[in-house]
1. Within region 36-72, can you find the residues that are part of a loop (DSSP other than H, G, I, E, B) and either within 15 Å of residue 15 (Cα to Cα) or within 30 Å of the chain's Cα centre (by Cα) (or both)?
2. If you scan region 263-285, which residues turn out to be in contact with a strand residue (DSSP E or B) (Cβ under 8 Å, 6 or more places away or on another chain) and not in a strand (DSSP E or B)?
3. If you take the residues of region 128-139 that are surrounded by 13 or more Cβ atoms within 10 Å (Cβ to Cβ) and touching a residue at least 24 places away in the same chain (Cβ under 8 Å), which of them is farthest from the chain's Cα centre (by Cα)?
4. Might you let me know whether region 269-277 holds any residue that is under 18 Å from residue 168 (Cβ atoms) and at pLDDT 95 or above?
5. With more than 22 Å from residue 276 (Cα to Cα), surrounded by fewer than 16 Cβ atoms within 10 Å (Cβ to Cβ) and either out of contact with any helix residue (DSSP H, G or I) (no Cβ under 6 Å at 6 or more places or on another chain) or not assigned by TED's automatic domain parsing to the domain that holds residue 285 (or both) as the only criterion, which of 80, 46, 40 stands out?
6. If residue 190 satisfies all but one of (1) surrounded by fewer than 18 Cβ atoms within 10 Å (Cβ to Cβ); (2) modelled with pLDDT of 95 or more, what's the number of the condition it fails?
7. Please go through region 141-184 and give me each residue that is buried (at least 20 other Cβ atoms within 10 Å of the Cβ) and assigned to a helix (DSSP H, G or I), ordered by number.
8. Looking at (1) over 26 Å from the mean Cα position of the chain (by Cα); (2) modelled with pLDDT under 90; (3) part of a helix (DSSP H, G or I), which one does residue 75 not meet, given that it meets all the others?
């Protein structure tokens with residue numbers, strides 16, 4: 001290695017190129033000429049005395065050294081970004097923007113139950129919340145923390161379980177009046193489902209104590225938005241198997257009826273995940289404290 005230090009700008013260019021594996025796309029994203037990007041990568045490789053990319057006429061791949069540098073460089077760039085952000089807000093360490101992510105349904109829940117009082121407590125903090133069903137790469141997206149329901153898919157992140165939630169069976173009162181009584185899970189097979197995207201014939205896993213049943217219903221309507229699913233169920237179009245926290249108010253108001261309340265899905269963990277190996281900004285530390293003080297909000301399994 002020719003140099004004892006690495007230029008952070010060159011690392012930034014390298015990470016952008018590694019994200020896309022396309023010099024043209026990376027240059028456009030960075031807002032620099034492709035020639036400048038190519039020269040910068042060549043300079044970085046020269047300083048390291050290592051090849052970081054395998055280039056051919058058709059593809060660009062990371063070398064083994066490139067893959068190692070990519071993992072470390074993401075952390076370094078994020079650290080430098082947060083360091084600058086924290087330095088700018090040293091006069092008030094609990095100021096600045098929190099970049100968060102959650103699924104749409106969980107995000108709506110957070111905006112009702114968790115964030116309002118937190119922002120009242122810390123008025124110099126702002127929140128940018130990305131709603132997506134994807135498990136975002138916190139490094140690439142520049143996110144401080146993500147709320148997730150289900151198993152964490154990234155071992156490089158710190159995961160803290162803060163609660164659990166499950167799904168329940170629901171239908172409209174009008175729908176239930178028009179169909180045969182449902183006494184056991186096998187009775188559901190005569191019905192169609194209102195369903196989040198989970199395959200053409202989703203398998204619903206239901207538990208009652210030590211008993212487990214699996215049922216596969218034909219689909220009447222699928223959508224990636226729970227509000228739309230609830231509207232279709234209220235319209236009498238089928239049976240839904242939705243998170244209890246999404247439909248609990250509809251059940252309480254009588255708009256929806258919980259079917260087979262003794263049969264529910266197994267609980268899924270609700271967790272927060274954030275990056276390892278970096279010094280948390282004070283605003284993120286305060287959010288984590290706030291979550292710890294309000295974990296009762298995330299006990300979202302239906303009674304029964």
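The values are calculated or read from the model by the stated rules, or taken from the named source; none is laboratory data. Keep in mind the model is a prediction, meaning the values are calculated, not measured. Backbone-built Cβ (ideal geometry, glycine too); neighbour counts: all protein chains shown.
1. 51, 52, 63
2. 263, 265, 266, 267, 276, 280, 281, 283, 284
3. Residue satisfying both the conditions and the ranking: 139.
4. yes
5. 46
6. Status for residue 190: all satisfied but (2).
7. Residue satisfying the conditions is 175 alone.
8. In the conditions (1) over 26 Å from the mean Cα position of the chain (by Cα); (2) modelled with pLDDT under 90; (3) part of a helix (DSSP H, G or I), residue 75 misses (1) alone.
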